[in-house]
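For reference, the structure is listed below as structure tokens.
The values are calculated or read from the model by the stated rules, or taken from the named source; none is laboratory data. Nothing here was measured: the structure is a model prediction, and the numbers come from that model. Because the Cβ atoms are built from the backbone with ideal geometry, glycine has one as well, and the counts that use them run over all protein chains shown.
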Amino acid sequence: MNIVLTGFMGCGKTTVGKALAEKIKKRFIDTDELIQKTAGKTISEIFAEQGEKKFRKLESKTISQVSKLDNQVIATGGGSVLNPENLKVLNRNGVILFLNTSNDVILKRIENQKNRPLMSVQNQKKQVQKLMKKRMPFYTQADYILDANCSITEIVNEIQRLLCNLQVCTTVTNKKELAKALEFETDLIELRLDQLHENLNELITISSVPVIVKVQFLNQLPEVIRSPAAIVDLDIEQADDFAIQQIRRKQKLVLLSFHDFQKTPSLAQLTKILNQQMQNADIGKIVTLGTNTEDIDAIIGLLKIAKNAGFPLIAFLMGESQKHTRTLMCLKGSLLTYAHVNQPLAVGQSSLQELKQKEACSV
Ligand code: S3P
């Protein structure tokens, strides 16, 4: 997974990026630097000789190449967000961080620098205001918006804190697994009634973290409703109004889940399912088999809709090749990701230990 820094000229993408990469031991790439290296010319020369349009083409080509790599901190040029395709490709394997700085801070930093063609104007203040106004709607599409008016160390620490914020729910079947999950600091526990080898109430009582109970058949509901489970997970296809009411009456949260083990439906189809979940549940879950980049785009789009609506959604893709989406989607708004302590319960699932280790070194 990549960490992508966006923001206006002078917001600190390169300086922060280098410091962050060093701290979390990832490679650092600056797209402007790469463009200059490939073209054998400075950015100012490219602008002067070939124009901004040509520069933007080179920029998109470079972004498309670097976004295919993994485990890097990428500093992008300040105008790259204007092309939606750039953001799209960076999003597929990266968390996008917007370093937000005030116009005054920017002006102070770029005052005496000669390497920014768009700033070679009479009135720099007006130029910053104009460009910032146009770009803000694109910058704010980032996964996180950071106040970058502070020191480099403070920004780097804040980024690390954000990246370590994975909520992991571990599925267990007995007391021994439960103890192991708690020892590795799972954030939630999932108990699936079809796989349970021990008493439901006892396991929930032992757990020091909230428990989600997955109900396979509606006739299992009375037992779950009587239990101290915090969240009840019902398949959206079998949930009815009566079941939902019963769960709510016992002050439990209703989680409506949708799975597709064959494919990922289109964003339009997924949005319909999400709307149904938003109307009837406290939490939604949409997990599908992912095979290509369109599938990743669909889940990212879905998480954006849920985020804007303030609805808690769990969403990622199954599949060995889409393993990275299980953590990436948490950084794009998925409420949590699932893990196991013994053996994977779905294609591409990681162990809790693996995830916690990733978390420690910033994913
Ligand atoms: C630009 C920003 C520059 C560079 C080019 C155009 C922009 O990068 O890509 O001069 O349009 O804002 P920095 O943001 O790294 O200065």
*In region 81-125, what residues are surrounded by fewer than 21 Cβ atoms within 10 Å (Cβ to Cβ), under 28 Å from the mean Cα position of the chain (by Cα) and within 13 Å of the ligand (Cβ to nearest atom)?*
LEU82, ASN83
*Test ILE3 against the criterion of being more than 10 Å from the ligand (Cβ to nearest atom), out of contact with any Leu (no Cβ under 6 Å at 6 or more places or on another chain) and among the β-branched types (Val, Ile, Thr), and give yes or no.*
yes
_Residues that are away from the ligand (no atom under 12 Å from the Cβ), surrounded by 15 or more Cβ atoms within 10 Å (Cβ to Cβ) and part of a helix (DSSP H, G or I), drawn from region 24-45_ = ILE24, ALA39
*Taking only pairs six or more apart or across chains, which ones have beta-carbon atoms under 6 Å, a first residue in region 321-343 that is under 25 Å from LEU97 (Cβ atoms), and a second residue that is of a type in the set (Phe, Trp, Tyr)?*
THR325/PHE316; ARG326/PHE316; MET329/PHE316; SER334/PHE316
*Among the strands (runs of 3 or more DSSP E) lying completely within region 283-352, list those that include at least 3 residues that are closer than 17 Å to SER266 by Cα and in contact with a Lys or Arg (Cβ under 9 Å, 6 or more places away or on another chain).*
313-318
*Quickly run through region 247-261 and pick out the residues that are surrounded by fewer than 19 Cβ atoms within 10 Å (Cβ to Cβ), in a loop (DSSP other than H, G, I, E, B) and among the charged types (D, E, K, R).*
LYS250
_For region 147-155, check the following and say yes or no: at least one residue is touching a strand residue (DSSP E or B) at 6+ places or on another chain (Cβ under 8 Å), under 30 Å from PHE316 (Cβ atoms) and not β-branched (Val, Ile, Thr)._
yes
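A quick yes/no check of all residues on (1) in a helix (DSSP H, G or I); (2) at pLDDT 95 or above; (3) buried (at least 17 other Cβ atoms within 10 Å of the Cβ):
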| residue | (1), (2), (3) |
| --- | --- |
| ILE212 | no, yes, yes |
| PRO228 | no, yes, no |
| VAL232 | no, yes, yes |
| GLN238 | no, no, no |
| GLN245 | yes, yes, no |
| LYS263 | no, yes, no |
| GLN276 | yes, yes, no |
_Condition check: in contact with a Lys or Arg (Cβ under 6 Å, 6 or more places away or on another chain) and closer than 29 Å to GLN160 by Cα. Does MET9 satisfy that?_
yes
*Given LEU203, LEU178, LEU188, LEU131, which one is away from the ligand (no atom under 16 Å from the Cβ), within 30 Å of ASP297 (Cα to Cα), surrounded by 15 or more Cβ atoms within 10 Å (Cβ to Cβ) and modelled with pLDDT of 95 or more?*
LEU188
*From ALA48, ALA21, ALA75, which residue is touching a residue at least 40 places away in the same chain (Cβ under 8 Å), within 12 Å of the ligand (Cβ to nearest atom) and surrounded by 20 or more Cβ atoms within 10 Å (Cβ to Cβ)?*
ALA75
